[in-house]
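The values are calculated or read from the model by the stated rules, or taken from the named source; none is laboratory data. Remember, predicted model here, so these are calculated numbers, not experimental data. Don't worry about glycine lacking a Cβ; one is built from the backbone with ideal geometry, like all the others, and counts go over all protein chains shown. The accessibility values were calculated without ligands, DNA or RNA, using every heavy atom of the protein model including side chains. Shrake-Rupley method; radii C 1.70, N 1.55, O 1.52, S 1.80 Å.
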Amino acid sequence: VGVPNLQEFLTLNTAKPPFVRDVEEKIRRYLKSSYSAVWTLKITWEKAPAYTARTDTRRTITYQAILTTDGFRSYILMLYQDGGMQWDYTRLAANNVLIGYT
């Protein structure tokens, strides 16, 4: 898949960048509870080809995993590019394709 881009945000006693405020808002909206992040990690895979077709750069996907905690509760958000998966799963060697995590 290539090397992911990592960005760490330590926000305990510091001003929060817009990205962290957006993550907090998503968690508040989806879980209908208060949340204030003290640490957030954004991992981005850009233009990742399907696992078995590492050299095919025509159909790729950009996605992110966001890990965040308030020191007591921790969450992970899985975000995928607009337009969804660009891989043609019918042409992959395996037919048990997963998106997300288990």
#### Entry: Condition check for SER74: polar (S, T, N, Q), at pLDDT 85 or above, more than 17 Å from the chain's Cα centre (by Cα) and open to solvent by 60 Å² or more (accessible area, probe 1.4 Å)
no
### Query
Taking TYR35 and the conditions (1) outside any loop (DSSP other than H, G, I, E, B); (2) modelled with pLDDT of 85 or more; (3) not acidic (Asp, Glu), which numbered condition does it fall short on, given that it satisfies the others?
(1)
### Task
Specify the residue that is nearest to ILE66 (Cα to Cα); the eligible residues are those in the stretch 10-19 that are open to solvent by less than 70 Å² (accessible area, probe 1.4 Å) and without any contact (Cβ under 8 Å) to a residue 24 or more places away in the chain.
PHE19
